[in-house]
Amino acid sequence: MKILILNESRQIGLHAHIEKRCAVSPGTVSKLVRKGIDVVIEKGAGFHANYEDSEFERSGAKLIETADEVVSEIDVLACVNAPNELLASTLPANTIVIGHLDPFFQQPLINCLAESNITALSVEMIPRSSRAQKMDALSSQASLAGYAMVMKAANALPSILPMMMTPSGTIKPAKVFVIGAGVAGLQAIATAKRLGANVLAYDTRPVVAEQVESLGGKFLKVDIGETGQTKDGYAKALTEKQQAILADAQKDAIAQSDIVITTAQLFGRKPPVLINQQTLKLMKPGSVVVDMAALSGGNVEGSEPGKTVVINGVTVIGTGNWSEEVSRAATDMYANNIYNLLDEFVKDDPLSFQLSFDDDILAASVITHNGKIRNETLLKAYEGA
Ligand code: NAD
């Protein structure tokens, strides 16, 4: 069984973005090779994560110049993102492609994968269950994003996060407001607390209040009526009235904050706008806003995808690709997610990927197979598009 890893920094992505992560680490290459899998890697694949080709070679991988050399012989293509349509159309039928395929927003690519008879596994669709936790790339990358966003904000702030009492005066701790306390938000809260900030947080799912408090943060209570969550634990969209009550209730907290970090997402849909221009104007010059969702529509009015802008003295960071700020840690975690997925499903002698749709993880995450798109939620979303 042969698995190919691309050098994804060669494909220039959205907003001229160069991918810095890799789908394997030297550690996971060793484990895959021990399992009996041939690992073939495009040269330079680990460069931006500070893993050299020689390290992959020592771990047992075969290094190649370009994917073209082996593309006709592979069983699995493991990516961080997705192959481009050209490469996808040259893969052998039934190749298993694994990656962040962004299926709700990449309909042409998903159609191309289906038409090319590719079995596409979207890591975004892996269920948020205990069994799937070790393969959950959304969580691994969101945790690092939470950390990275605080570090970026701290760097941009013309002050410090902890309280500092010195003979030269006392600096008060920074006030950090985190909106959205899912995986990334909770990690942002924990990081800001560790740095000594006063942390306030809000989420439409009241169940997270306890988690926020257990990290030392305060939870902003706002009564907006019924909110709830989906069966997978994702937030439901709010009504316009609820959004208006919320925006009003958060105004003061935003105005008083030195740093606001927005992490609100709605699975498979555009993220909600949480901060409008009028509220942004209430913030002190020098304050910092990090819009986690800037690349996918934005939580903050005025944030620019891929950029940092200054609006009325407030630095609004929308650079995105947060986990890549710590590309080696992001590679290590993602590579473990991919290894754990392969370890779970690659079995038997001779080794093969056991594609059973009775398995809830595969049933949810394999979105194209046998020439068809096989995920109902996705098909419904495409119909409505
Ligand atoms: P997400 O990235 O979809 O959203 C981030 C957060 O934004 C969520 O907490 C959401 O409630 C919140 N949000 C949405 N709209 C908002 C608004 N208008 N204002 C404020 N906040 C808003 O979420 P996620 O981090 O991927 O987590 C989704 C769920 O999955 C959570 O319940 C999480 O605990 C759960 N989860 C479970 C597992 C597991 O059991 N293995 C693993 C990871 C996550």
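In the range 270-278, the condition of being over 26 Å from K380 (Cβ atoms) and buried (at least 21 other Cβ atoms within 10 Å of the Cβ) is met by at least one residue. Pairing residues of the range 228-244 that are at positive phi with residues that are in a loop (DSSP other than H, G, I, E, B) and more than 8 Å from the ligand (Cβ to nearest atom), at Cβ distances under 8 Å and at least 6 apart in sequence or on separate chains, gives G228/K236. Test I338 against the criterion of being among the β-branched types (V, I, T), in contact with a strand residue (DSSP E or B) (Cβ under 6 Å, 6 or more places away or on another chain), under 24 Å from C112 (Cβ atoms) and not in a helix (DSSP H, G or I), and give yes or no. Judged against the criteria, I338 is not a match.
Count of the range 245-261 residues, restricted to those that are touching a residue at least 60 places away in the same chain (Cβ under 8 Å) and loosely packed, with under 12 Cβ neighbours inside 10 Å, is 0. Only residues that are of a type in the set (S, T, N, Q), assigned to a loop (DSSP other than H, G, I, E, B) and touching a helix residue (DSSP H, G or I) at 6+ places or on another chain (Cβ under 8 Å) were counted across the range 85-127, and they come to 1.
Restricting to the range 280-297, name every residue that is part of a loop (DSSP other than H, G, I, E, B) and either crowded, with 24+ Cβ neighbours inside 10 Å or over 15 Å from the mean Cα position of the chain (by Cα) (or both). Write out each step before concluding.
Taking the range 280-297 as the starting set, the residues that turn out to be part of a loop (DSSP other than H, G, I, E, B) are 282-287, 292-293, 297.
Answer for the range 280-297, where residues must be part of a loop (DSSP other than H, G, I, E, B) and either crowded, with 24+ Cβ neighbours inside 10 Å or over 15 Å from the mean Cα position of the chain (by Cα) (or both): L282, M283, K284, P285, G286, S287, M292, A293.
Can you find, within the range 95-148, the residue that is surrounded by the most Cβ atoms within 10 Å (Cβ to Cβ) among those that are polar (S, T, N, Q) and over 25 Å from A190 (Cα atoms)?
Narrowing the range 95-148 to residues polar (S, T, N, Q): 95, 106-107, 111, 116-117, 119, 122, 129-130, 133, 139-141, 143.
From the residues that got through so far, the ones that are over 25 Å from A190 (Cα atoms) too are 95, 106-107, 111, 116-117, 119, 122.
Numbers: T95: 22, Q106: 17, Q107: 14, N111: 14, S116: 21, N117: 16, T119: 22, S122: 26.
Restricting to residues being polar (S, T, N, Q) and over 25 Å from A190 (Cα atoms), the top hit is S122.
Among the residues of the range 221-244, those that are within 7 Å of the ligand (Cβ to nearest atom), in a loop (DSSP other than H, G, I, E, B) and farther than 14 Å from P272 by Cβ comprise D232, G233.
Among residues of the range 245-269 being assigned to a strand (DSSP E or B) and under 25 Å from F105 (Cβ atoms), the one that is nearest to the ligand (Cβ to nearest atom) is L266. Scanning the range 30-57 for residues that are of a type in the set (D, E, K, R) and assigned to a helix (DSSP H, G or I) gives K31, R34, K35, D53, E55, E57. Among residues of the range 160-178 being within 16 Å of the ligand (Cβ to nearest atom) and aliphatic (A, V, I, L, M), the one that is surrounded by the most Cβ atoms within 10 Å (Cβ to Cβ) is V178.
Would you call T368 hydroxyl-bearing (S, T, Y), over 19 Å from the mean Cα position of the chain (by Cα) and surrounded by 14 or more Cβ atoms within 10 Å (Cβ to Cβ)? So T368 passes the test.
Determine whether the range 145-159 contains at least one residue that is hydroxyl-bearing (S, T, Y), at pLDDT 95 or above and either outside any helix (DSSP H, G or I) or within 13 Å of the ligand (Cβ to nearest atom) (or both). Outline the logic, then answer.
Of the range 145-159, the ones hydroxyl-bearing (S, T, Y) are 147, 159.
Add one more test, that the residue is at pLDDT 95 or above, and what stays is 147, 159.
Next, only the ones that are either outside any helix (DSSP H, G or I) or within 13 Å of the ligand (Cβ to nearest atom) (or both) stay: 159.
Scanning the range 145-159 turns up at least one residue that is hydroxyl-bearing (S, T, Y), at pLDDT 95 or above and either outside any helix (DSSP H, G or I) or within 13 Å of the ligand (Cβ to nearest atom) (or both).
Exactly one residue out of A209, A181 is within 12 Å of the ligand (Cβ to nearest atom) and in a loop (DSSP other than H, G, I, E, B): that is A181. Considering G306, G384, the condition of being among the small types (G, A, S), more than 24 Å from L77 (Cα to Cα) and assigned by TED's automatic domain parsing to the domain that holds A156 is satisfied by G306 alone. Give the residue, chosen from I261, I245, that is within 25 Å of the chain's Cα centre (by Cα) and either β-branched (V, I, T) or not assigned by TED's automatic domain parsing to the domain that holds V176 (or both). When all the criteria are applied, what remains is I261. Confirm whether G60 is in a loop (DSSP other than H, G, I, E, B), of a type outside the set (D, E, K, R) and closer than 13 Å to N7 by Cβ. It is false that G60 is in a loop (DSSP other than H, G, I, E, B), of a type outside the set (D, E, K, R) and closer than 13 Å to N7 by Cβ.
Across the range 87-137, the number of residues qualifying as of a type in the set (A, V, I, L, M), under 15 Å from the mean Cα position of the chain (by Cα) and within 14 Å of the ligand (Cβ to nearest atom) comes to 5.
The values are calculated or read from the model by the stated rules, or taken from the named source; none is laboratory data. Please read these numbers as outputs of a predicted model, since none were measured by experiment. Note that we place each Cβ from the backbone using ideal geometry, even for glycine, and neighbour counts take in every protein chain shown.
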